[in-house]
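The values are calculated or read from the model by the stated rules, or taken from the named source; none is laboratory data. The shown structure was predicted, so the numbers you read here are calculated from the model rather than taken from an experiment. Every residue, glycine among them, receives a Cβ derived from its backbone with ideal geometry; neighbour counts consider all protein chains shown. The protein model used for the area step is the full one, side chains on, heavy atoms only, and it has no ligands, DNA or RNA in it. Shrake-Rupley method; radii C 1.70, N 1.55, O 1.52, S 1.80 Å.
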Amino acid sequence: MDTDKRKILSALCHGAILFSATIVSVGIPIAILLIIDDSVVKDNAKESLNFHINIYIYAFIFSLLIWLVIGIPLLVLLWIVSFVMPIIAVLNIISNPNKPYRYPFIFHLLQ
C-alpha cells in the first residue's frame, strides 16, 4: 500500500472519534479493519478501537461516580483526553506512517 493511502486510512481510524461519540466513531475503524489488508492500517484500526473501548469504560465508571464530587471533574478530564489523544495519534501517523501508533495507558483488549 502506498504511503499516502496508509496515512489517510490510519488517520481516519484515530480521528473517527472526533467526528462523533456514537456508533460512527467505532464503525469507521471496524470497517477499515475488515476491508483493508495492510498490516499497519489494521494495527491502527485495532488501536483506535481499543482507545474507544477504554473511553467508553472510563465514561461509564466516571458516570457512576457522579454522585461523588469527583465524577464531574473526571468526566471533563476524560473528554479532554478523548479529544487530545486522537490528535496526537494523527500527527504521529502523519510523521511516521509505517509504524502503528500505540496509545499510552490503555488496556489492549483487541490484539
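Ignoring aspartates and glutamates fewer than eight residues from Lys5 along the same chain, the ones with Cα atoms less than 13 angstrom from its Cα are Asp37, Asp38. If one takes the longest principal axis of the Cα atoms in the chain, at what angle in degrees, from 0 to 90 and to the nearest 10, does the Cα axis of helix 39-64 lie? For 39-64 against the chain, the angle is about 10 degrees.
Answer with a single label: of (1) 28, 13, 11; (2) 22, 15, 12; (3) 33, 20, 11, which was calculated as semi-axes √(5λ) of the Cα gyration tensor in Å from the structure in view? Working out semi-axes √(5λ) of the Cα gyration tensor in Å from the coordinates points to (1). Once the chain from Leu110 to Ile66 is taken as fully extended at 0.36 nm per residue, the excess over their C-alpha distance is 12.9 nm. With respect to the chain, whose longest principal axis is taken over its alpha-carbon atoms, helix 71-95 is tilted by about 10°.
Count neighbours as other Cβ atoms within 10 Å of each site's Cβ, and list the chymotrypsin sites (Phe, Trp or Tyr not before Pro) in segment 1-110 that are DSSP loop with at most 16 such neighbours. Working shown, then result.
Details: sites: Phe19, Phe51, Tyr56, Tyr58, Phe60, Phe62, Trp67, Trp79, Phe83, Tyr101, Phe105, Phe107; in loops: Tyr101, Phe105, Phe107.
Answer in residue order: Phe105, Phe107.
Can you give me the angle between helix 3-19 and the longest principal axis of the chain, using Cα atoms only, in degrees from 0 to 90, rounded to the nearest 10? Helix 3-19 and the main axis of the chain meet at about 20 degrees. Between Val24 and Ile57, residue separation times 0.36 nm minus the direct Cα-Cα distance comes to 10.1 nm. For the chain, with all protein chains present and a 1.4 Å probe, just round the carbon and sulfur fraction of the accessible area to a whole percent. Here carbon and sulfur together make up 75 percent of the probe-accessible area. In the context of the full set of protein chains, the chain has a per residue accessible area of 59 Å² (1.4 Å probe). Between the C-alpha center of segment 1-64 and that of segment 66-111 there is a gap of 11 Å.
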